[in-house]
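What follows is a short report on a single structure.
Nothing in this text is a laboratory measurement; each read-out follows from the coordinates by a stated rule. This structure is a prediction, so every number in the text was calculated from the model and none was measured. Reconstructed Cβ throughout: ideal geometry from the backbone, glycine too, with neighbour counts over all protein chains shown.
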Amino acid sequence: MSTAARRPTDGPDGGTSVTETVIRLEDVGKSYGNVRALHGINLDVRQGEVTCVLGDNGAGKSTLIKIMAGLHDYTEGRMLVHGQVTHFGSPRQALDAGIATVYQDLALAPLMSVWRNFFLGKELHGPLGMLRVAQMKQIADSELRKMGIVIPDLDRPVGALSGGQRQCVAIARAIYFGAKVIILDEPTAALGVKQSGVVLKYIVKARDAGLGVVFITHNPHHAFLVGNRFVVLKLGEVSLEAKRDHITLEQLTGEMAGGDELTALEHELRDLHP
């Protein structure tokens, strides 16, 4: 392991502990022909931390996800995974490196059972190719319960679960199959308050289990509840980067809302309606 991939961080007792930087982006950029989607992105994803990436539509969040997930290669800078410069040629290569991405639309088959979705594409087979149904159900139930999710009937179609539960099934599956980093693409965007809470609790459990979590969101309130580090993107560049103890929710919200741009807009509207 490269020593450059390890950094001291504050431990729970106020001392220091060492966590591994699983993914490091150094001045990473991405261009599509003459269109520059990302430029100069610096980002560390560490074990046992939640890195929140915030930004409005068109900020570059989707492009950043695709680079880390192996869908697109970067065209500037470099990406290090476990301390080694890396170019992923496919999502499979990213998965093999322990980086799993859970997209907002979820790669689940809604009419199939919970346990079948958990093992989709990775089914366990016994003699003569028979499915080990009982073993797969037991594993799926155990892994979900580890993270506080209890689904009494694993034969239930996954499409009948709540949005929060479906997110949790997808995340638990990624963890079981060896993910070291989980990238979550707007996991609370289509959820109500209660179901968002379920997903946020699960994010904390994943972090506390030692995983690196990248939480992509446009909701600063959700980010601040679980985040250790915050990166705000605007027009493909980092406009703010801060640790949790160096920023307030009000500052994060203000940066997301536009900061100086919002202040200028307030003055304009005040002038229109004195």
Counting only DSSP loop positions in the range 114-179, the trypsin sites (Lys or Arg not before Pro) whose Cβ has at most 13 other Cβ atoms within 10 Å are Lys122
Partner lysines whose C-alpha sits under 27 Å from that of Lys146, ignoring same-chain residues fewer than 8 away, are Lys122, Lys137, Lys180, Lys194, Lys201, Lys205
So for R0 = 41 Å, FRET eff. of Gln93-Arg156 from the Cβ-Cβ r, to 0.05, ends up at 0.75
Descending packing, highest mean Cβ count within 10 Å first, for 245-254, 219-228 is 219-228, 245-254
1/(1 + (r/R0)^6) with r = Cβ-Cβ of Ala242 and Ile139, R0 = 35 Å, i.e. FRET efficiency to nearest 0.05, evaluates to 0.35
Net charge near Met147 (other residues with Cβ under 9 Å of its Cβ; Lys, Arg +1; Asp, Glu -1) is +3
Placing each pseudo-label 7 Å from Cα in the direction of the beta carbon, Val193 and Gln84 end up separated by a distance in nanometres of 4.8 nm
Summing +1 per Lys or Arg and -1 per Asp or Glu among the other residues with Cβ less than 11 Å from Phe119's Cβ gives +3
In whole angstrom, largest first, the equivalent ellipsoid semi-axes that the Cα gyration tensor gives for the chain are 34, 23, 19
For the range 65-157 the GluC sites (Glu not before Pro) that pass both the DSSP coil test and the at-most-14 other-Cβ-within-10 Å test are Glu123
Given 191-204, 79-92, the highest-first ranking by average Cβ count within 10 Å works out to 191-204, 79-92
A chain fully extended from Leu111 to Val35 at 0.36 nm per residue, minus the present Cα-Cα distance, gains in nm 23.4 nm
